[in-house]
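Here the structure is laid out as structure tokens; the discussion comes afterwards.
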Amino acid sequence: MCLGIPGRIVEIRDDGGLLMGKVDFGGVRKDACLAYIPEAQLGDYVIIHVGFAISRVDEDEALKTLEILAAMGDLMQTELATMGPGMDAPAVVSDDGGPAGGVFAAPATGAPGGPA
Amino acid sequence: MKYLDEYRDPVLAGKLVAEIHRITTRPWTLMEVCGGQTHTIVKQGIDEALPEGVRMIHGPGCPVCVTPLEQVDKALAIAARPDVIFTSYGDMLRVPGSTTDLLALKARGADVRIVYSPLDALKIAVANPDRQVVFFAVGFETTAPANAMAVAEAARRGIDNFSVLVSHVLVPPALVALLESPTNQVQSFLAAGHVCAVMGWTEYEPIAAKYRVPIVVTGFEPLDLLEGILMAIRQLEDGRHEVENQYVRAVRREGVPPAQKQIFEVFEVGARKWRGIGEIPASGYRLRGKYARFDAELRFSVGDIHTQEHPACIAGAILTGEKTPLDCTAYGTLCSPQRPLGAPMVSSEGTCAAFHSAGRGLAGLRTGSPAMPLLQIAPIPPARSAGTAEVSR
């Protein structure tokens with residue numbers, strides 16, 4: 001019940017003094033109250049919760065988030081690639097391939113076995 | 001679907017998991033506040049992909065789960081009346097009261113109807129002028145604008161056969177109650193994205209400052225949660241305690257002011273009981289005096305109903321994150337989504353239901369096919385990424 005789902009506004013109307021609309025969720029269309037997002041335009045994405053638009057999705061921010069996530073991964077891959085054989089340093093890997101207890105128990109500067 | 005599928009990309013999820021491993025040097029305990037977030041975390045196995053020592057405690061943010069037994073009993077008393085059409089979000093129907101639940105009452109002939117929106121309840125009231133139509137107004141701040149609008153519309157349009165049974169709860173007082181608890185282990189919160197979409201996050205700034213806990217406003221998709229966890233751990237590792245917003249595409253610092261205006265037109269803040277936790281001061285909404293004629297508790301004189309919780313269920317400890325469903329002797333045996341004992345098993349957003357639908361801890365108890373994760377997070381060699389972080393320093 002508490003879930004909110006993003007959908008696209010395909011109709012805006014005045015329903016006896018209440019700003020209403022139809023919102024498309026990937027093909028499924030439902031009525032929704034738009035009274036709290038009066039600036040919403042046809043084609044805008046809004047988050048619908050129990051039949052009410054509670055937020056307008058900012059398309060620029062949505063794209064930016066995905067770009068940052070993608071770029072961050074690349075930076076990390078680059079950094080990993082520059083680390084060379086240090087990646088296999090056995091002192092910080094436990095037998096089962098999980099993180100060694102010491103990695104988390106010891107403060108960052110105190111980890112053993114680092115060539116750096 | 002747009003704005004959903006992109007945030008379930010397994011490749012990006014794998015990168016985020018690796019980054020979390022890379023920056024984590026110590027054990028940390030985080031709490032995701034909202035039940036919707038719990039569901040994604042458990043279903044996708046996000047908690048199991050985290051570095052050893054990083055623990056997710058599942059928070060109290062399931063409105064169905066925290067609705068106290070006595071409010072359910074009041075609902076049952078009202079719904080049993082022949083002159084009443086009782087309307088509710090579907091999740092509330094199977095919540096056990098002290099003797100029965102709304103669904104069983106409906107099977108025995110009571111007029112109980114599931115509505116998707118409180119405006120649907122209002123439509124039923126207009127179509128049935130000779131009946132009393134009652135709506136069970138439960139929820140956190142996310143649902144409050146909808147429930148407030150239904151009451152305001154009933155007043156504006158003179159729909160006098162409509163009333164609401166209010167059981168509204170608020171997130172910030174619950175966080176403070178958890179932080180004040182002597183058994184608290186939570187070091188950082190992922191705040192509920194949609195609660196903050198409505199209310200903004202200014203209320204969380206003094207909490208982060210006073211208790212020195214990082215709070216990250218977080219969305220509901222796997223990538224949202226992983227990024228929220230990453231941001232929270234980054235703050236913890238840096239020794240910072242700020243309110244940050246991961247869910248920038250939907251949440252603004254000031255929230256949605258017209259929605260807040262409507263909430264405070266209809267509701268005022270008051271004490272609320274939370275199922276399994278007890279009364280928390282100033283932790284919920286109640287109707288303002290000028291809307292008292294829409295208060296179902298007054299209209300049907302059920303204000304005197306007070307009931308005790310079921311003794312076998314550890315819902316309270318689950319809601320506060322002190323215990324997990326795996327600590328419960330009834331989990332998966334006496335208590336299941338088909339025959340729930342307590343509210344966290346009833347609601348699909350509840351911690352116990354989330355564990356159960358993911359098949360957690362059920363192997364020795366029953367056969368059956370647990371739901372497969374939508375997103376199989378690519379296995380990252382966690383020790384190596386964590387290890388290289390160490391090595392590189």
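The values are calculated or read from the model by the stated rules, or taken from the named source; none is laboratory data. Everything quoted here is computed from the prediction, not taken from an experiment. All Cβ positions, even for glycine, are placed from backbone atoms using ideal geometry, and neighbour counts span all protein chains on display. Side chains included, ligands, DNA and RNA excluded: accessible areas come from the protein's heavy atoms. Shrake-Rupley method; radii C 1.70, N 1.55, O 1.52, S 1.80 Å.
Within region B:315-344, restricting attention to residues that are farther than 13 Å from B:H58 by Cβ and not in a loop (DSSP other than H, G, I, E, B), which residue is modelled with the highest pLDDT?
B:Y331
Do the conditions hold for A:L18, that is, is it among the aliphatic types (A, V, I, L, M), more than 23 Å from the chain's Cα centre (by Cα), facing chain B (nearest Cβ under 9 Å) and at negative phi?
Criteria met by A:L18.
Of all the residues that make up region B:121-150, how many are in a helix (DSSP H, G or I), touching a residue at least 24 places away in the same chain (Cβ under 8 Å) and surrounded by fewer than 18 Cβ atoms within 10 Å (Cβ to Cβ)?
Going residue by residue through region B:121-150, those that are in a helix (DSSP H, G or I) are B:121-127, B:144-150.
From the residues that got through so far, the ones that are touching a residue at least 24 places away in the same chain (Cβ under 8 Å) too are B:121-122, B:124-126, B:144-150.
Pick out the ones that are also surrounded by fewer than 18 Cβ atoms within 10 Å (Cβ to Cβ) and you get B:126.
Within region B:121-150, residues that are in a helix (DSSP H, G or I), touching a residue at least 24 places away in the same chain (Cβ under 8 Å) and surrounded by fewer than 18 Cβ atoms within 10 Å (Cβ to Cβ) number 1.
Within region B:273-285, is even one residue among the aliphatic types (A, V, I, L, M), farther than 16 Å from B:P68 by Cα and at pLDDT 90 or above?
No; the residues of region B:273-285 include none that is among the aliphatic types (A, V, I, L, M), farther than 16 Å from B:P68 by Cα and at pLDDT 90 or above.
Give region B:63-90 a look and list any residue that's hydrophobic (A, V, I, L, M, F, W, C) and either within 11 Å of another protein chain (Cβ to nearest Cβ) or open to solvent by less than 10 Å² (accessible area, probe 1.4 Å) (or both), or say none.
The answer is B:V64, B:C65, B:V66, B:L69, B:V72, B:A75, B:I78, B:A79, B:V84, B:I85, B:F86.
Identify, from the list B:P311, B:P281, B:P258, the residue that is surrounded by fewer than 24 Cβ atoms within 10 Å (Cβ to Cβ) and part of a strand (DSSP E or B).
B:P281
Condition first: open to solvent by 10 Å² or more (accessible area, probe 1.4 Å), over 21 Å from B:L69 (Cβ atoms) and in contact (Cβ under 8 Å) with a residue 60 or more places away in the chain. Now tell me which residues in region B:151-177 satisfy that.
Selection gives B:A152, B:A155, B:D160.
Return only the number of the condition from (1) more than 7 Å from every other protein chain (Cβ to nearest Cβ); (2) open to solvent by 10 Å² or more (accessible area, probe 1.4 Å) that A:L34 does not satisfy.
Result: A:L34 passes all but (2).
What is the residue count in region B:26-35 for residues that are surrounded by fewer than 24 Cβ atoms within 10 Å (Cβ to Cβ) and touching a residue at least 60 places away in the same chain (Cβ under 8 Å)? Write out each step before concluding.
Of all residues in region B:26-35, those surrounded by fewer than 24 Cβ atoms within 10 Å (Cβ to Cβ) come to B:26-29.
Now narrow it down to the ones that are touching a residue at least 60 places away in the same chain (Cβ under 8 Å): B:26, B:28-29.
Adding up the residues that qualify gives 3.
Of the residues that make up region B:241-254, is at least one within 14 Å of chain A (Cβ to nearest Cβ), open to solvent by less than 50 Å² (accessible area, probe 1.4 Å) and of a type in the set (V, I, T)?
Yes, region B:241-254 contains at least one residue that is within 14 Å of chain A (Cβ to nearest Cβ), open to solvent by less than 50 Å² (accessible area, probe 1.4 Å) and of a type in the set (V, I, T).
Specify the residue that is nearest to the chain's Cα centre (by Cα); the eligible residues are those in region B:205-227 that are without any contact (Cβ under 8 Å) to a residue 60 or more places away in the chain and buried (at least 24 other Cβ atoms within 10 Å of the Cβ).
Among them, the one singled out is B:V217.
Between residues in region B:51-62 that are away from every other protein chain (no Cβ under 12 Å) and under 16 Å from B:Q187 (Cα atoms) and residues that are assigned to a strand (DSSP E or B) and of a type in the set (G, A, S), which pairs lie under 9 Å by C-beta distance while being six or more apart or on different chains?
Every condition considered, the pairs that remain are B:G59/B:A192.
Suppose we keep only residues that are β-branched (V, I, T) and within 23 Å of the chain's Cα centre (by Cα) within region B:296-314. Which one would you say is modelled with the highest pLDDT?
Among them, the one singled out is B:I314.
Can you name the strands (runs of 3 or more DSSP E) wholly within region A:26-74 that have at least 1 residues being farther than 23 Å from B:I263 by Cβ?
Numbers: elements: A:28-33, A:45-49, A:52-56.
Hits in region A:26-74: A:28-33, A:45-49.
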